[in-house]
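Since the structure comes first, as structure tokens, the remarks are kept for the end.
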Amino acid sequence: MMHMSAELNETHDESVQPLPLVHVGDPVLRQVCNDWDGNDTPELRELIDRMVATMHDAPGVGVAAPQVGVNLRLAVLEDMYDIPESFAQAREREKLELMVILNPSYEPIGTRTATHYEGCLSMPGYTAAVERPADIRATWLGFDGQQHTRELSGWQARIFQHETDHLAGIIYIDKAHIRSICTDENYAHMWAAPTADEAREALHF
């Protein structure tokens, strides 16, 4: 695991400007991104700083490079939000410190899956339930070109999968139960429970 907060802007410098987010319909979100070539440049560091600022400004728990219009296998992840304990337990949601992942990939560990609602900064206003592997082996490169591997479970695994999928031109809605789609307003009023069980029964997915 690589935590980049010490190398980037640990105090989240407010002078770093967020980037505009790309929304669904833009072809950049449907391209297979180019691999990082291994060069650690000032431009790359600036892009990462601004992606982190974009994630915090949204706010969100991850941003992939194509979401800011850049065709590169790069994403930033962070989930330090406080949520009710009942939600944390039901969703296996543990805090995730800032991760910068280059050329990431993942593979399931075992057959356990979990279905929860997800949203996407590139598809504002909607959310849908997605079944994903609950346990994965995550692999990525650090700035030193070294490969890093970490086993992730629960919500941390979900975030890593969601953002890594973006780099293959995949948006969460591609994997969602289509009948589960709802507006953010309806989700908040009807289905914002710790699990998707009630929504599954009512919406028949």
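The values are calculated or read from the model by the stated rules, or taken from the named source; none is laboratory data. Predicted, not measured: the structure shown is a model, and the values here were computed from it. Here Cβ is always computed from backbone atoms with ideal geometry, including for glycine, and neighbour counts include all displayed protein chains. Surface accessibility is based on the protein's heavy atoms, side chains included, excluding ligands, DNA and RNA. Shrake-Rupley method; radii C 1.70, N 1.55, O 1.52, S 1.80 Å.
Details
- The residue that is least open to solvent (accessible area, probe 1.4 Å), counting only those in region 128-167 that are within 20 Å of Glu97 (Cβ to Cβ) and part of a loop (DSSP other than H, G, I, E, B), is Gly142.
- For region 54-105, the candidate set comprises residues that are touching a helix residue (DSSP H, G or I) at 6+ places or on another chain (Cβ under 9 Å) and hydroxyl-bearing (Ser, Thr, Tyr); within that set, the residue that is farthest from His23 (Cα to Cα) is Ser105.
- Flag if Ile170 is under 29 Å from Glu97 (Cβ atoms) and aliphatic (A, V, I, L, M): yes
- Scan region 41-51 for residues that are open to solvent by less than 10 Å² (accessible area, probe 1.4 Å) and either basic (Lys, Arg) or under 13 Å from the mean Cα position of the chain (by Cα) (or both) and the total you get is 1.
- In region 83-109, the residues that are part of a strand (DSSP E or B) reach residues that are crowded, with 19+ Cβ neighbours inside 10 Å and basic (Lys, Arg) with C-beta atoms within less than 7 angstrom, at least six apart or across chains, in these pairs: Leu102/Arg73; Asn103/Arg73; Pro104/Arg73.
- Residue within region 170-186 that is small (Gly, Ala, Ser), at pLDDT 95 or above and closer than 19 Å to Pro108 by Cβ present: yes
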